[in-house]
Amino acid sequence: MVVEDDPIVRRSLVASLQRLEVPVLAVSSCYQATEEQEKEPADLILTDLHLPDGNGLDLLKQFRKANPLVEVIIVTGFGTIESAVEAMKMGASNYLLKPFTTSQVDLAIAQIEHHKELREENANLKVQLAEGSDSSSLLFVSPEMAGVQKLIDRVAPTNASILIEGESGTGKEVIARTVHEKSLRRDKPYIKVNCAAVPENLLESEFFGHERGAFTGATMKREGRFEMANGGTLLLDEITEISLSLQSKLLRVLQEHEFERVGGSRTIKTDVRIIATTNRDLSKAVADGLFREDLYYRLHVVPIKVPRLADRKGEVEFLLGKFLEKFAHQHNKPVPKVSAIALDQLASYPWPGNVRELRNYAERAVILATGEGELGFSDIFPSHITPAKDSVFGDGKEFPTLGEVEKRLIYLALKSTSGNRNEAANLIGINVRTLRNKLKEYEGKGGADDKSDLEDEEEAAPVEK
């Protein structure tokens, strides 16, 4: 908004702003400025110091009190050092003396834009640090994740929308950040919204921002995530949590690259790359009428499916080592070693919480480690989680002898075949006579307790003679 009673100067300022493609409203008095600012608050105000019904410094104080983020440039033909110092102390962004040139106006606007970008970048960095974000590249050794990395390398330099699908804790957000860091937008904002964490009635405001007075509690204007991410990347985490009504508004932004703030009428242009994540089957949500089909195809330009941790060959041991090193350094403790038995048991654990679960247990292990001996299964997992009952290594507290492993393997084979000795013998590669002799040997040594939980039925096939 330009507040200037001299029509020639007013037109000149309006022309300069329009040339920079800045939407502008011009008024000639303090009264008009106050009235318009209450209707639709401006982000930037250029005001004359001396106005027919008041003073530009009074407007500066009034508008900055209502919104500390509003930018104000004082313009005057009767400037003094004292008035300039006073204006800057009160929060003025700049101070222009008449007659001014077009380049001076352009420079003042450019400085404001630069300072705004720095503030937003600083705020984003603070959020990332508070959330403990890992800006490192994707860590993996498995062929399954190598395929994901190849797809990332191919799609990252483009502007295509990306849909990342995978179970909770598989690392979808790390993949999204990796895409951004490998893209041409890497130096621009990376903003994220957890759609499941924001109440449905506030999610539209979170996306698009709102004007002051748009709803109860909206005491000042607020930029939305689409404005904050302009030129960069916007991550929509758990996108299936968005209501159908908001999905239609999101579709419009993706198609037309424009939106209005809640309670506002001014159309705002945006250039944002969308990355969406979901831990659900989005195609099923479309079939069930819970997700718009047209929005699904807009987001599904390049789908990336992230495999479960349990389906990634060799990944558990590799990531555990990385996490132990990281948390040992973070908590100023030595890096603990993990026993071979525990590593084998960890590899067979189903990991329902995926990488997030492994990461949390690794930190727990580092914090509780005594520094004496290697870590066992119980040193990594809480007490309510025990090794698989069928493990040939038992509880993993002590390294078993070869004879103990052999006995456990035979009983495991019998359990797997419902007590059929012929099938059990074939399963582990021995003849049934050897298996029968081993069982008699174990019974003679009091081994009957070890197989008490087996269904030790007579074998269905004929006994070998």
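The values are calculated or read from the model by the stated rules, or taken from the named source; none is laboratory data. Just so you know, these numbers come straight off a predicted model, no measurement behind them. FYI the Cβ positions are ideal-geometry reconstructions off the backbone, even for glycines, and counts take in every protein chain you see. Calculation scope for accessible area: heavy atoms of the full protein, side chains included, ligands and nucleic acids excluded. Shrake-Rupley method; radii C 1.70, N 1.55, O 1.52, S 1.80 Å.
General observations
- Selection count, region 192-236, where residues are out of contact with any strand residue (DSSP E or B) (no Cβ under 9 Å at 6 or more places or on another chain) and assigned to a loop (DSSP other than H, G, I, E, B): 8
- The strands (runs of 3 or more DSSP E) located wholly in region 17-121 that include 2 or more residues which are modelled with pLDDT of 90 or more and within 30 Å of residue 229 (Cβ to Cβ) occupy 44-48, 71-76.
- The criterion of being of a type outside the set (Val, Ile, Thr), in contact with a Leu (Cβ under 9 Å, 6 or more places away or on another chain) and open to solvent by less than 20 Å² (accessible area, probe 1.4 Å) holds for residue 273.
- The residue list 178, 216, 240 contains one member that is in contact (Cβ under 8 Å) with a residue 12 or more places away in the chain, out of contact with any Cys (no Cβ under 9 Å at 6 or more places or on another chain) and hydroxyl-bearing (Ser, Thr, Tyr), which is 178.
- Annotation note: of 454, 435, the sole residue that is at pLDDT below 75 and open to solvent by less than 70 Å² (accessible area, probe 1.4 Å) is 454.
A quick yes/no check of all residues on (1) over 30 Å from residue 252 (Cα atoms); (2) at pLDDT 90 or above:
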{"residue": "300", "(1), (2)": "no, yes"}
{"residue": "311", "(1), (2)": "yes, yes"}
{"residue": "316", "(1), (2)": "yes, yes"}
{"residue": "366", "(1), (2)": "yes, yes"}
{"residue": "372", "(1), (2)": "yes, no"}
{"residue": "375", "(1), (2)": "yes, yes"}
{"residue": "379", "(1), (2)": "yes, yes"}
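- Positions within region 285-305 being in contact (Cβ under 8 Å) with a residue 40 or more places away in the chain, under 14 Å from residue 243 (Cα atoms) and among the hydrophobic types (A, V, I, L, M, F, W, C), in sequence order: 285, 290, 291, 295
- Residue 126 vs. criteria surrounded by 14 or more Cβ atoms within 10 Å (Cβ to Cβ), in a helix (DSSP H, G or I) and modelled with pLDDT under 95: no
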